[in-house]
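Scroll down for the structure; my scribbles are underneath it.
The values are calculated or read from the model by the stated rules, or taken from the named source; none is laboratory data. Small disclaimer: the values here were computed from a predicted structure and weren't measured. Note that we place each Cβ from the backbone using ideal geometry, even for glycine, and neighbour counts take in every protein chain shown. Each accessible area value is taken on the protein alone, full model and side chains, heavy atoms only, with ligands, DNA and RNA left out. Shrake-Rupley method; radii C 1.70, N 1.55, O 1.52, S 1.80 Å.
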Amino acid sequence: MGGRYFAFRAWYELRRRSGLLKSQFPLNPEPSIFITLEQWRNEAPPFFFESREALKVPKVKEEQIKADAHRILNGEIQFFSHEWEKLGKDYDWLTNPDTGYHYDIHLHWTEIEDFSQESGDIKYVWEKSRFSYLYTIIRYDYHFDEDHAAFVFHEIMDWINKNPINQGPNYKCSQEISLRILNWTFALYYYRNSEYLTEEVFQQMMHSIYWQIRHVWSNIHFSRISVRNNHAITETLTLYLTSLLYPFFPSAKKRKRKGKAWFEEEIAYQIYEDGTFLQFSMNYHRVVIQLLTWAIGLAECNHETYAEVVYERALKSVDYLFQCQEESNGWLPNYGSNDGALFFKLSQNDYRDFRPQLDALHHLLTGKLLYSSNYEDKSWYGISLHKYPAITRKYGCISFPISGFYLFREKDTLTFIHCGHYKDRPAHADNLHIDVWHKGENILMDAGSYKYNTSLELTKYFVGTESHNTVMLGDNDQMLKGSRFIWYYWPKEAKAEIKESADDFIFEGQVNVFRQFGERIIHKRKVIKKKGHPFWSISDEVLNIPRGSKMRQLWHTKCECLCFESNNSRMIEKKGMVSNYYGVKDNCKQLSFETDGNMITTKINILP
């Protein structure tokens, strides 16, 4: 991670353990009145919309919106965009529903451990405290002409009363704080004229938002130096946007200037010139897509602009994800870390369907629809720049060489391959993984992430090489696993070429993996896809393989009509696992072709 990272982490940990960090985040600060409710209603800076009364989103009475809203009103929450949990109408905001562990609200946030076997995955506590579920209530109110402002403000007040400033688990992560502020802000503008938005409610919200944004400001370098991924983008953007929308807060001008500059810096650093993203994660890239939609849309509403690189990388991001997308259902390969994050859900589409979010940013940048179908999200943002030409679907050989993503796209098939090295820490040991889609079905799949805090066995499987369609040496991953999210011995070199002949699409790539056993170990993979036919030939070779190592070529599928033929190897079939949604795992079929040599060629086709 480099000397800057090491020095900062050492300094940060010293301050945390000594109590110096704790002193920067006061408890029970005295409330101040920054602005009255009447002044805010008359003078609030422009948002995506002025209020619910001014909205012009086409109304559609989808029964699923109503059903989901009623579940929320009755004390249920959809966790990680998939599973519903009954928390009750008087949830304490502190109990992990997955383990039953109850966090101590009296502890300062610097004293909270966010990774322990006893407490379980802290994301289960953070999930409701993001307040993303408010979008379902807001959409229900709008489309069905209902009014649940009393419920919304009661939820916010309940959280404020049960989560004192800088205490407990919900102040542990500045990204979670940032999302909460943005989601409260959306609700505040929507219910701007509501009778339930009283002076008392408004003042308590302003007090809480001010101290939460001060928390983000005071801890921003942890994300910018120690984490530097989508967290840093979320937090720097929130510093800018909250200063734009709440200019009456003390030091707003400074936070606005710094937040904007840092946000532009993070976009230029984290999104590469070809539109790929340093986290090598489809879902976290969508997180950035949504943040860019907020960033560009709200700046435009307030007649502000960013450095040109922000707009260029935004459009390139849409193009990259669009080209990697299965056309029939909007899903993408379940590649990289996937924690179920969908911060601003403004449509009923399944979480794995990226179309609504890609369409919203594309429409904002181009004024054009990205798909033939119409998605609701873009209507809520209510603005278009008409700055760029529309993106179109590409076919044949497609490459994104900076991060090492390569595609073959035909009418009925999509073949996705990764071959790359890393400038930031990798999440999964999955180099030269291949993902295949045929007629809308993911016939060769990535197993996903499952949970970030689970058993060592499950962690090793899901983030390790075992759950990917690539090669292992015995039970050894391509890199050496460290603690938590850390891998050692990252690949230093990767080379790839993609081309086509009259009859075939051809990929050839190589990467130096298994460096824990020697610097000269190279995995070479050649993929041949026959044009117009569901047939693939995959040849793997490992150079300088350590003596006594068993080479294993792995495949994961739920498709019963796939036929595998492999030369000079033994086939072993066993039950594998796949996680399409965070916290949920299902079974799949795992095939392993094994040899004592260093080469395996497997032919895969779909039986008629």
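A Förster distance of 51 Å, applied to the separation of the beta-carbon atoms of ILE572 and ILE506, puts the FRET efficiency at 0.95.
Does region 303-401 classify as rounded, prolate or oblate by the C-alpha gyration tensor (a ≥ b ≥ c root eigenvalues; a/c under 1.5 gives rounded; else a/b over b/c gives prolate, otherwise oblate)? Note, shape of region 303-401 comes out rounded. A Förster distance of 22 Å, applied to the separation of the beta-carbon atoms of ILE105 and SER483, puts the FRET efficiency at 0.20.
If I model a spin label as a point 7 Å beyond the Cα along the Cα-Cβ vector, how far apart are those points for ASN598 and GLU265 in nm? Calculated label separation equals 4.6 nm.
For region 256-412, the solvent-accessible area with a 1.4 angstrom probe is 30 square angstrom per residue. Here the Kirkwood formula, the inverse mean of 1/r across different C-alpha pairs, assigns the chain a hydrodynamic radius of 25.4 Å. Along the charge dipole of the chain, Cβ charges K/R +1 and D/E -1, which of ALA494, PHE249, HIS154 sits furthest on the positive end? Farthest towards the positive end: ALA494. Debye-formula intensities of region 421-517, expressed as log10 I(q)/I(0) at q = 0.10, 0.16, 0.18 Å⁻¹, are -0.32, -0.76, -0.92 (one equal scatterer per alpha-carbon, no solvent).
Using just its DSSP H runs of length 4 or more, each adding -39500 (n - 2.57), the chain gives a mean residue ellipticity at 222 nm of -10500 deg cm²/dmol after division by all residues. At full extension, ASP424 and LEU14 could sit 145.2 nm farther apart than now, given 0.36 nm per residue minus the alpha carbon distance. One chain, two ends: LYS86 and ASN605. Fully extended at 0.36 nm per residue, the span grows by 182.4 nm beyond their Cα-Cα distance. Between region 351-427 and region 180-230, the alpha-carbon centres lie 30 Å apart. Which whole number of Å³ per residue matches the convex hull of the alpha-carbon atoms in region 556-608? Expressed per residue, the convex hull around the Cα atoms of region 556-608 is 98 Å³. Starting from the Cα gyration tensor of region 243-321, take the square roots of the eigenvalues, sort them a ≥ b ≥ c, and report rounded, prolate or oblate (rounded when a/c is under 1.5, otherwise prolate if a/b is larger than b/c, else oblate). Prolate is the answer for region 243-321, as a/c is 1.5 or above and a/b outweighs b/c. As a rough guide to protection, the peptides 113-126, 203-216, 57-70 ranked by mean Cβ packing within 10 Å, highest first, stand as 203-216, 113-126, 57-70. Relative to the Cα centre, the charge distribution of the chain, modelled as +1 at Lys and Arg Cβ and -1 at Asp and Glu Cβ, gives a dipole magnitude of about 1640 debye. Rounded if a/c is under 1.5, else prolate if a/b beats b/c, else oblate: with a ≥ b ≥ c from the C-alpha gyration tensor eigenvalues square-rooted, which is region 120-162? Since a/c reaches 1.5 but b/c is at least a/b, the shape of region 120-162 is classed as oblate.
Considering only Cα atoms, the convex hull volume of region 116-252 works out to 122 Å³ per residue. Per-residue packing, averaged as other Cβ atoms within 10 Å, sorts the ranges 247-259, 526-538 into the order 526-538, 247-259, beginning with the highest.
The portion of the accessible surface of the chain made up by carbon and sulfur, rounded to a whole percent, is 49 (1.4 Å probe; DNA, RNA and ligands excluded).
Placing a pseudo-label 7 Å from each Cα along the Cα-to-Cβ vector at ASP475 and GLU519 gives an inter-label distance of 3.0 nm. With R₀ fixed at 41 Å, the C-beta to C-beta distance from LYS253 to SER372 puts the FRET efficiency at about 0.35.
The length gained on full extension between ASN329 and LYS492, counted as 0.36 nm times the residue separation minus their Cα-Cα distance, comes to 55.1 nm.
Computed packing ranks the peptides 580-592, 273-285, 495-507, 2-14 as 273-285, 580-592, 495-507, 2-14, most packed first, by mean other Cβ atoms within 10 Å.
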